[in-house]
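Chemist: Handing you this structure, nothing more for now.
The values are calculated or read from the model by the stated rules, or taken from the named source; none is laboratory data. Just so it is clear, the model here is predicted, and its values are computed rather than measured. With ideal geometry, Cβ positions are generated from the backbone for all residues, glycine too; neighbour counts draw on all protein chains shown. When the accessible area is computed, the model is the full protein with side chains, heavy atoms only, and any ligands, DNA or RNA have been set aside. Shrake-Rupley method; radii C 1.70, N 1.55, O 1.52, S 1.80 Å.
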Amino acid sequence: MLLALAWRNIWRQPRRTWLSAAAVASTCAIVIFLPAMQLGSYRAMVNGSIGILDGAAQIQRQAYLAEPVMAASFELNPALQRELKLYLPHAILARRANGFALLSSGQRSFGAQLTGVEADKEPLFSSLPANIRQGRYLSPDASAATDEIVLGEGLAKNLRLNPGDRLTLLGAGREGALAVDSLRVVGIFASGLKPLDRQLAQMPLARFEQTFSMEGGIHALVVAGGEIELLPAYPAALRRYLASRDLALRDWQEMQPALFKAIKLDISSAMAMYLVLILVIVLSLLNTALMTVMERTREFGMMMALGVGPGLLGRLVWLESLLVMSLGIVAGLAIGAVVSYYYQQTGIRFEEAEAVFKQFGLDATLYPSLTWATLLLGPGCIVLCLALAGLYPVFRIRRLEIVSAMRAV
């Protein structure tokens, strides 16, 4: 009965009810769509950053991240393979070795970051094989006899090399021995990041091990498999096992700390904006509720004179606020979910900012990411705040005196 009475009361002023519900619905839709858009942009940033080279995670020597020297290598022995298969059954593991060398062509020489890769696995977690601009990528069945190398676009331009040309490599091996090799350029890639393209080169891992005297040692075991998670969770037991062997599992947050901090800062600023938005709508509806109580003071006084308790009146007014809020929340959930899902499928293209996106290796089309968190967290905060704010008019009703209330105009 109380619910039916509250429902009837909110339609005594239909324009006010619709405006209040529309305000809640628009706010609710905003706090669904914008976080979904943010989450989608974060995924694009992470995939664009670590999808070029790093992979979802890497297993390295504990000291390698702080001091990436040739000597900080390890072997992927059968015991380690068994443990990794146990803890990461669906993951794809690829070996890598890293070094620095001087690449020379004719009278031109430039320093380069050289990476030995397993060419058959590299397309599974790196975008470089798909971004070959000239020539082709490394042969999938490359061996120690395969004298192939692919260069970044900027590095190839500096060395004035094209596919089919040869270059000379000069560096230092794992134990300090001289590393010298002559390689044939088979491809030129463009990662989208010009600083990376000016210094990166890749060659077959088997050839790298032979040239740099690695003797089976590698510097990183790249982990790939499935979509990269923004908050990765790897088994604690695996981390303890690796630590006992002087190894560490580093996810993208550890490999890209600057990106992780930038995302956290953006989340903090966005949360402040959402809280201000929610506060504005809460104060607006609170003001509407107080106006309703003031307009109906005489009515409440008469009802109290007839024996209706202030507690029951307070619950009635609070229920009216909840009904108006519910109308807005349901409409906002529907609008926010539909709009977010639509653009999650089609994407939003920022053509005018395409050049800016390209500088960071990102696609100019962003896809919102609609999850249960983005769908329910914002509206949940609105419900909680409005429900609490709706209690204030209840306290005002409890303080009414029958005689003065009946005389109110």
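Chemist: Looking at (1) among the polar types (S, T, N, Q); (2) modelled with pLDDT of 85 or more; (3) exposed (fewer than 14 other Cβ atoms within 10 Å of the Cβ), which is the one condition that is false for Ser369?
Modeler: Of (1) among the polar types (S, T, N, Q); (2) modelled with pLDDT of 85 or more; (3) exposed (fewer than 14 other Cβ atoms within 10 Å of the Cβ), only one is false for Ser369: (3).
Chemist: Moving to a separate point now. Whether any residue in the stretch 317-326 is surrounded by 13 or more Cβ atoms within 10 Å (Cβ to Cβ), within 30 Å of Gly40 (Cα to Cα) and at pLDDT 90 or above is what I want to check.
Modeler: The initial filter retains those residues of the stretch 317-326 that are surrounded by 13 or more Cβ atoms within 10 Å (Cβ to Cβ), namely 317-326.
Checking the rest, the ones that are also within 30 Å of Gly40 (Cα to Cα) come to 325-326.
Filter once more, so that each one left must be at pLDDT 90 or above: 325-326.
Yes - at least one qualifying residue is present in the stretch 317-326.
Chemist: Testing Leu39 on (1) under 20 Å from Ala233 (Cα atoms); (2) open to solvent by less than 30 Å² (accessible area, probe 1.4 Å), one condition comes back false. Which one is that?
Modeler: Here Leu39 clears every test but (2).
Chemist: Same structure, new question: Name the single residue that is farthest from Phe100 (Cα to Cα) among those in the stretch 148-165 being open to solvent by 10 Å² or more (accessible area, probe 1.4 Å) and of a type in the set (Gly, Ala, Ser).
Modeler: Gly164
Chemist: I've got another one for you. When both residues are 6+ apart or on different chains and their Cβ atoms are under 6 Å apart, which pairs have a first residue that lies in the stretch 146-166 and is free of Cβ contacts under 8 Å to residues at least 60 places away in the same chain, and a second that is acidic (Asp, Glu)?
Modeler: Gly152/Asp197; Glu153/Asp197; Gly154/Asp197
Chemist: Follow-up question, since we're still on this one. Within the stretch 193-296, which helices (runs of 4 or more DSSP H) (wholly inside it) include 2 or more residues that are in contact with a helix residue (DSSP H, G or I) (Cβ under 8 Å, 6 or more places away or on another chain) and surrounded by 16 or more Cβ atoms within 10 Å (Cβ to Cβ)?
Modeler: The helices (runs of 4 or more DSSP H) meeting that bar are 236-244, 252-255, 257-295.
Chemist: I've got another one for you. Looking only at the stretch 26-51, count every residue that is in contact with a Ser or Thr (Cβ under 7 Å, 6 or more places away or on another chain) and under 17 Å from Glu254 (Cβ atoms) and tell me the total.
Modeler: Selection size over the stretch 26-51: 1.
Chemist: Okay, moving on. Quick one: is Ile92 in contact (Cβ under 8 Å) with a residue 24 or more places away in the chain, closer than 30 Å to Ala224 by Cα and among the β-branched types (Val, Ile, Thr)?
Modeler: yes
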